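Encoded as structure tokens, the structure appears first; notes follow it.
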Amino acid sequence: MSATLVWFRLDLRWEDQPALHAAARRGQPVIPVFIWAPEEEGDWPPGGASKWWLHPSLRALEDGLRRRGSGLVIRRGGSLATLQALIKETGADAVYWNRRYEPAIIKRDKGIKETLRAQGVEVESWNAALLLEPWTVKNRSGQPFQVFTPFWKHCLTQATLFSEPLPAPEQLPAPKGWPKSVALEELELEPKVDWAGGLRATWQPGPEGAERQLERFLQSAFVRYAEGRNLPAEVGTSRLSPHLHFGEISPRQIGQRLRRWAEAQRPADAAWLHSPFMTELGWREFAYHLLWHFPHTPEEPLRPNFKKFPWREDVGEVLRAWQKGRTGYPIVDAGLRELWATGWMHNRVRMIVGSFLVKDLLVDWRHGARWFWDTLVDADLASNTLGWQWVAGCGADAAPYFRVFNPVSQGEKFDAGGAYVRRWVPELAGLPETWIHRPWEAPADVLKQAGVELGRTYPHPIVNHAIAREVALEAFDRLPKR
């Protein structure tokens, strides 16, 4: 009997799910499949925080499919061999999936598609993760964009930018007999030593969790997003990035909800499409555009002249201090401790800690990218690469090399009262706001009254920012211009 295998990957939802929708319309039994094969991800297999998220996300997907009369077959091992085995076991004559855009996955999927088609299997794939396919967006010269503003202006002119999301199937035709599935626990995604308590307290993986975050954002933060997105002490951002990465919600669903929200306002808000939040969705599109057109960038700078940058070689001690949030700069340390505790870091603070690593400490941006990859629940190869190359000054639309974030003035501007630092660096909580972002300048009696002993309860700064800035600027200035 014929059947359709739907291969789930980073599209762990049932609404606006093109592969699942097409399989349901085909009229044959639908067999949803998830294959755990991290070795096929090349140099970027899922990190610890990503694996933690994946476990409850798969559970939520499984529950949602069961409510629709279906289920989820979980296997581990090589993807091609697993699909071939399932085809043999079930009599499936079609395999559907939604596309991914990481270089190693593109190569793998192309090989699988060619092999299965040669064996007489119908194989189709769809776009479920992006508003526009990367290869469809080109500048007037027919080349990929490397500057964001003209890229997004071009995208906004496309009639298909926000096509209607596909409805979730009410019921899925099930096979007479289900193939064997391993238990989710056998994938060993959760840490053996439980360090994920803070992640569990912060997040609800799955489509329902994504819906709650979006509703919370629209009701309490969207109208103030332009300001709130820069204030780390507030919940002023959407926090949808991990849900987008795992495909628990699509950008089309978000766009539709924003449009409906805007239409419900009195008077109707016609500016939603050009809002700062939509621009952030545009940045995500831009990240995938760059990754698809320049697949070497997760490992190499887009700008070739940066290959000669004199990064420091003895990174061990300063890198560990940065990772642990023990740099002596409160806003930097707060961000890195938030990351360790929750698997997430506020975007403004990501820029600050990134600049500090590459420009104050002269540590290669790839060390930061690797740390974020392992610790972020929203670790996404396209966005992670764009972000780190932007802050290092070596990528498309990069921050000018001479832009070196001052961790003190950034803290005083965006965490003026010190609430963010007090939450994540509690040993400084007793300091008045005058000194909260520069404790090394506080008078001795103020430090004593606050219970702060520099060098013991909180570290001295590991680098002098003013001097480090000049050293960095000299190094950048010596780079060849091309």
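Here, each number is a calculation from the coordinates, and none is a lab measurement. For clarity, every value in this text was computed on a predicted model and none was experimentally measured. Glycine gets a Cβ as well: all are built from the backbone with ideal geometry, and neighbour counts include every protein chain shown.
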Would you compute, for the Cα atoms of the range 64-200, the largest minus smallest coordinate along each principal axis and list the three values in descending order, in whole Å? 53, 48, 33
Rounded to the nearest 20 debye, dipole of the range 4-128 from Cβ charges on Lys, Arg, Asp, Glu: 220 debye
Local charge sum around ILE106 (other residues, Cβ-Cβ under 10 Å, Lys/Arg +1, Asp/Glu -1)? +3
Ratio of Rg to Rh over the range 4-128 (Cα coordinates, Kirkwood Rh, two decimals): 0.93
Computed over the chain, the ratio Rg/Rh where both radii use C-alpha atoms and Rh is Kirkwood: 0.99
Please turn the phi angles of the range 406-417 into ³J(HN,Hα) values with the Karplus equation 6.51 cos²θ - 1.76 cosθ + 1.60 (θ = phi - 60°), one per residue in order, whole Hz, x for glycine and proline. 8, x, 6, 5, 5, x, 5, 7, 9, 9, 4, x
Rounded to the nearest 20 debye, dipole of the chain from Cβ charges on Lys, Arg, Asp, Glu: 680 debye
Fraction in percent of alpha-carbon pairs per bin - 5 Å, the range 304-476: 1, 9, 18, 22, 20, 15, 8, 4, 2, 0, 0
Taking H placed 1.01 Å from N in the peptide plane, check which residues at least 5 places from VAL6 or on another chain put their amide H under 5 Å from its amide H. ILE31, VAL33, TYR96
Hey, how much of the P(r) for the range 153-239 falls beyond 19 Å, as a percent of Cα pairs? 70 percent
Farthest positive-ward along the chain dipole, Cα basis, beta-carbon charges - from SER275, VAL349, LEU132: LEU132
For the range 261-386, alpha-carbon Rg over 2.2 N^0.38 Å: 1.27
If you bin the C-alpha pair distances of the range 200-284 every 10 Å from 0, what whole percents do you get? 17, 53, 28, 3
Can you give me the C-alpha center-to-center distance between the range 245-290 and the range 169-225, rounded to a whole angstrom? 21 Å
In nm, spacing of pseudo-spin labels at ASN305 and VAL446 (7 Å Cα→C-beta vector): 4.2 nm
